[in-house]
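Notes to accompany the following structure.
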Amino acid sequence: MRLANPLVLIWIILMLLLATTIGASFLLTGIIGLTVSLSIALAKSALIYWRYMHLNEATALFRMAALAAAVWLLILLLFLCVDYLTRSFA
């Protein structure tokens, strides 16, 4: 017997992660809060990619293209952070 539709189950997990993010924003500060919030955001985006964008049903080439897009986004964000940290503000 099936308990629930998998999409509904993923949605419930996403809502629990959202509540965890909100709770962490009030309870945790500094680098620990940032690390926890980014980890939860990574988990939420992985769930969305895997289930709602149907990467679990995709071919290996399509999965590699999605991974390459995510890596490219991380590279661009890294460049943004390096640019911000190396500028001198008057």
> Roughly how many percent of the accessible protein surface of the chain is carbon and sulfur, given a 1.4 Å probe and a whole-percent answer?
Replying inline: 78 percent
>> Please check: in the Gaussian network model of the chain (C-alpha springs, under 10 Å), which one of 67, 16, 80 has the largest mean-square fluctuation.
In response: 80
>> Rolling a 1.4 angstrom probe over the protein chains, ignoring ligands and nucleic acids, what is the accessible area of residue 45 in square angstrom, nearest 10?
In response: 50 Å²
> Where is the GNM fluctuation largest for the chain (alpha-carbon springs, 10 angstrom cutoff): 11, 50, 72?
Replying inline: 72
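Direction-averaged shadow area of the convex hull around the Cα atoms of the chain, nm²?
On the way: hull surface 34.4 nm².
Average of the hull's projected areas for the chain equals 8.6 nm².
Ranked from the most accessible area to the least, with a 1.4 Å probe and all protein chains present, what is the order of 14, 47?
Working: 14 20, 47 45 Å².
Solvent-accessible surface, decreasing: 47, 14.
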> Under a 1.4 Å probe, what is the accessible area of the chain per residue, stated in Å²?
Replying inline: 84 Å²
> Can you give me the relative contact order of the chain as a percent, contacts being Cα pairs under 8 Å and 6 or more apart?
Replying inline: 22 percent
> When the chain is modelled as a GNM with alpha-carbon springs shorter than 10 Å, which of 31, 48, 13 fluctuates the most?
Replying inline: 31
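The values are calculated or read from the model by the stated rules, or taken from the named source; none is laboratory data. Everything numeric here is computed off the predicted structure, so don't read it as measured data. The accessibility values were calculated without ligands, DNA or RNA, using every heavy atom of the protein model including side chains. Shrake-Rupley method; radii C 1.70, N 1.55, O 1.52, S 1.80 Å.
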